Amino acid sequence: MSNILTTLINKQASRYGKREALLHLVDGKWLPISWLEMKQMVDTTAVALLSLGLKELENMAIFSANRPEVLYTDFGAYANRAVPISIYATSSQQQVEYIVNDAQIEIMVVGDKAQYDIAYRAMQNCPSLRQIVTIDHVDLHPSDKTTITFAQLLDIGRKATDQARAEVEERSSHAEATDIAIIIYTSGTTGEPKGAVLPHSCFNATLELHRRRLVTISDRDLSVCFLPLSHIFERGWTYVCLYVGMPVAINQDPREIQETVYRVKPTCMCSVPRYWEKVYAAIKEKISAMSPMKRRMVARAVIIGRRRNLDYVRLRKKVPWWLERQYQFYSKTVFAVLKKAIGIEHGNIFPTAGAPLSSKIVEFFHSCGINVMIGYGLSETTATVTCFPQYFYEIGSVGTPLEEVQVKIGEDNEVLVKGPTVMREYYNKPEATAEAFTEDGWFRTGDAGRLDEHSALWLTDRIKDLFKTSNGKYVAPQALESVLGEDKYIEQVAVIGDKRKFVTALIVPAYDALKEYAKKHKLHYKDVAELVALPEIHQMLQERIDALQASFAPYERIKRFTLLPAPFTMENGELTNTLKIRRPIINARYAPHIDAMYRG
């Protein structure tokens with residue numbers, strides 16, 4: 001098999017021509033980019049990169065938020081048999097310099113002024129970095145004589161000689177499945193970043209395996225690119241979309257995703273659980289404001305939807321005519337209004353992974369006819385290991401393994417993976433690579449779980465996150481954090497309790513929702529610090545937390561909690577680039593708050 005990514009855009013341009021490949025926002029309007037236009041941009045970028053001195057099998061970097069230019073650079077690099085390494089747009093100076101030095105980056109494409117400033121400073125500390133290309137027009141440092149814009153890069157490509165174009169074609173023709181496609185640097189909750197080396201063979205496999213599993217997607221769908229393209233989940237999903245001919249709308253600013261969804265009306269979109277937690281909280285809030293009669297109607301609709309979609313359709317059973325008739329009524333009344341409010345009237349599938357999502361929320365959306373497709377994967381496995389199949393999925397699980405991907409449970413209930421999508425190694429880290437695999441070649445995920453009789457995988461927690469209280473009881477913090485995430489007043493949670501008498505939590509409230517509650521109940525405060533310290537607020541949240549964790553064993557429940565006046569952030573090192581909490585840093589930084597909860 002030839003490398004799919006090397007020739008993908010050319011093949012799709014021949015097949016689809018002037019049909020939409022991408023959409024992007026220009027001056028407030030969503031404008032299409034055809035397959036032929038995308039091919040032209042990729043071809044021009046490829047020959048321009050060669051003209052800048054990009055060599056075969058060389059690493060280069062992309063340090064930008066989502067833009068069409070990110071994809072042009074990706075595929076332009078593949079045409080050169082080069083390796084595009086994406087760096088999170090929110091990365092710190094230290095993180096960027098580490099990756100540049102580790103991968104010996106010579107050429108870096110950056111997005112905006114903030115990323116340019118970091119890249120320019122990195123140039124002073126990273127001997128290999130010689131060329132910066134800015135997607136935005138930015139004010140350059142006075143002493144910067146080498147940086148060019150992406151527009152200038154394209155001009156270089158347009159003016160390139162026929163010999164240069166022929167050389168790119170020659171490189172493409174020599175591409176091999178063993179060539180490195182990308183190196184994904186995992187942000188990690190502990191330690192320095194590790195670069196997962198994914199050869200083209202991983203993508204050859206993952207694209208075809210997803211085509212086989214995701215049987216409902218086609219070139220008639222439309223996806224929104226919401227998560228960062230530097231995240232393997234979004235990058236892999238976007239490549240799958242392009243592979244099946246599905247147009248992709250590039251959302252540049254994550255804060256504007258809801259507006260994008262309203263306007264673009266995607267049928268597909270991959271996301272992390274927090275997106276659906278927020279949607280669920282907003283829906284529940286609207287329902288609570290309805291009249292008693294309307295609330296009863298919605299409750300009835302969800303019951304009927306659950307029976308139809310989960311008890312019959314999920315199990316490939318024929319739906320009784322009386323149940324189907326009721327469902328169609330509620331589908332046109334209740335569910336159609338709900339989907340329109342979200343912006344997904346014609347939704348197909350919505351892959352969701354990266355952290356646990358409460359079974360209650362998953363069941364609710366499936367009852368409403370919204371296919372939130374739960375999956376599980378890692379950077380080291382080219383994203384998906386397991387996901388919901390079309391039928392017979394188990395809510396609470398993370399689905400069944402993709403075809404050709406093997407999963408088994410090892411020591412300490414660790415999930416082990418083997419197959420054509422598993423990484424080759426960690427870049428420049430032979431010791432870490434050796435630790436990541438068992439002696440017989442299974443990749444150690446670091447996640448604890450179990451396989452049921454239907455081959456569905458049920459995750460427990462990250463093995464490193466599991467802790468034991470001083471009473472000898474094991475607690476899985478992510479399970480608690482996931483359930484508390486259902487609440488509209490809770491934004492972030494860090495569950496504490498390792499070697500402690502009982503479980504506590506640091507909670508970042510949803511400040512706007514809290515302010516609304518205070519206003520409604522005429523509570524007075526000067527600032528957020530005073531707001532979170534109000535006894536009335538604490539009591540209200542205590543009652544809600546008690547209700548949410550009622551199904552947990554007494555030793556697992558949060559006995560005390562502290563409300564924080566400021567959120568956990570990536571800038572402070574408390575979150576990874578994929579928004580996972582860094583427990584060791586949080587435990588150290590908030591030690592006084594934590595100790596206070598265990599006094600008395």
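The values are calculated or read from the model by the stated rules, or taken from the named source; none is laboratory data. In this text, all values refer to a predicted model and were calculated from it rather than measured experimentally. Note that we place each Cβ from the backbone using ideal geometry, even for glycine, and neighbour counts take in every protein chain shown. Accessible surface areas use protein heavy atoms only, side chains included; no ligands, DNA or RNA. Shrake-Rupley method; radii C 1.70, N 1.55, O 1.52, S 1.80 Å.
Listed values, structure above:
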| quantity | calculated |
| --- | --- |
| Enumeration of residues in the range 565-590 that are of a type in the set (D, E, K, R) and open to solvent by less than 70 Å² (accessible area, probe 1.4 Å) | Glu574, Arg582, Arg583 |
| Top-ranked residue of the range 112-129 - restricted to ones that are touching a helix residue (DSSP H, G or I) at 6+ places or on another chain (Cβ under 8 Å) and touching a residue at least 40 places away in the same chain (Cβ under 8 Å), ranked as farthest from Ser91 (Cα to Cα) | Ala119 |
| Positions within the range 391-415 being in a loop (DSSP other than H, G, I, E, B), out of contact with any strand residue (DSSP E or B) (no Cβ under 9 Å at 6 or more places or on another chain) and either at negative phi or open to solvent by less than 10 Å² (accessible area, probe 1.4 Å) (or both), in sequence order | Tyr391, Glu403 |
| Residues being within 13 Å of Glu486 (Cβ to Cβ) and surrounded by fewer than 16 Cβ atoms within 10 Å (Cβ to Cβ) - total across the range 545-554 | 3 |
| Evaluation of Ala21 against (1) of a type outside the set (Asp, Glu); (2) open to solvent by less than 10 Å² (accessible area, probe 1.4 Å); (3) within 21 Å of Glu176 (Cα to Cα); (4) in contact with a helix residue (DSSP H, G or I) (Cβ under 9 Å, 6 or more places away or on another chain) (one fails), failing number | (3) |
| The range 465-507 - residue that is in a loop (DSSP other than H, G, I, E, B) and among the aromatic types (Phe, Trp, Tyr) and, of those, nearest to the chain's Cα centre (by Cα) | Tyr489 |
| Which numbered condition Pro266 misses (of (1) open to solvent by 20 Å² or more (accessible area, probe 1.4 Å); (2) out of contact with any helix residue (DSSP H, G or I) (no Cβ under 7 Å at 6 or more places or on another chain); (3) assigned to a loop (DSSP other than H, G, I, E, B)) | (1) |
| Any chance Ser2 is hydroxyl-bearing (Ser, Thr, Tyr), farther than 30 Å from Asn572 by Cβ and open to solvent by 20 Å² or more (accessible area, probe 1.4 Å) | yes |
| Near pairs, Cβ below 8 angstrom, 6+ apart or cross-chain, from the range 422-446 (in contact (Cβ under 8 Å) with a residue 12 or more places away in the chain and within 24 Å of Ala355 (Cβ to Cβ)) to any residue that is in a loop (DSSP other than H, G, I, E, B) and basic (Lys, Arg) | Gly446/Lys464 |
| Pairs with Cβ under 7 Å, 6+ apart, first in the range 379-407 and farther than 23 Å from Lys318 by Cα, second open to solvent by 40 Å² or more (accessible area, probe 1.4 Å) and aliphatic (A, V, I, L, M) | Val398/Leu459; Val407/Leu451 |
| Subset of the range 186-228 that is at pLDDT below 95 and among the hydroxyl-bearing types (Ser, Thr, Tyr) - its residue that is surrounded by the most Cβ atoms within 10 Å (Cβ to Cβ) | Ser187 |
| Any strands (runs of 3 or more DSSP E) falling wholly within the range 135-249 and containing at least 1 residues that are in contact with a Lys or Arg (Cβ under 6 Å, 6 or more places away or on another chain) | 180-186, 194-199 |
| The range 351-381, residues that are under 24 Å from Thr186 (Cα atoms) and either in a helix (DSSP H, G or I) or of a type in the set (Phe, Trp, Tyr) (or both) | Tyr376, Ser379, Glu380, Thr381 |
| Any pair with Cβ under 7 angstrom, 6 or more apart, that starts in the range 475-493 at a residue that is within 14 Å of Lys278 (Cβ to Cβ) and ends at one that is among the acidic types (Asp, Glu) and surrounded by fewer than 21 Cβ atoms within 10 Å (Cβ to Cβ) | Lys488/Glu285 |
| Neighbours by Cβ (under 9 Å, 6+ apart or cross-chain): first from the range 560-572, of a type in the set (Ser, Thr, Tyr); second exposed (fewer than 14 other Cβ atoms within 10 Å of the Cβ) | Thr562/Ala596 |
| Residue count for the range 55-78, restricted to those that are among the aliphatic types (A, V, I, L, M), in a helix (DSSP H, G or I) and open to solvent by 10 Å² or more (accessible area, probe 1.4 Å) | 0 |
| Hits in the range 281-314 (condition: of a type in the set (D, E, K, R), more than 25 Å from Ser482 (Cβ to Cβ) and open to solvent by 80 Å² or more (accessible area, probe 1.4 Å)) | Lys294, Arg295, Arg296, Arg300, Arg307 |
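Condition check ((1) at pLDDT 95 or above; (2) more than 18 Å from Asn59 (Cα to Cα); (3) surrounded by 19 or more Cβ atoms within 10 Å (Cβ to Cβ); (4) of a type outside the set (Phe, Trp, Tyr)) across all residues:
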position	(1), (2), (3), (4)
Asp102	yes, no, yes, yes
Met108	yes, no, yes, yes
Gln115	yes, yes, yes, yes
Ala122	yes, no, yes, yes
Cys126	yes, no, yes, yes
Leu129	yes, no, yes, yes
Asp136	yes, yes, no, yes
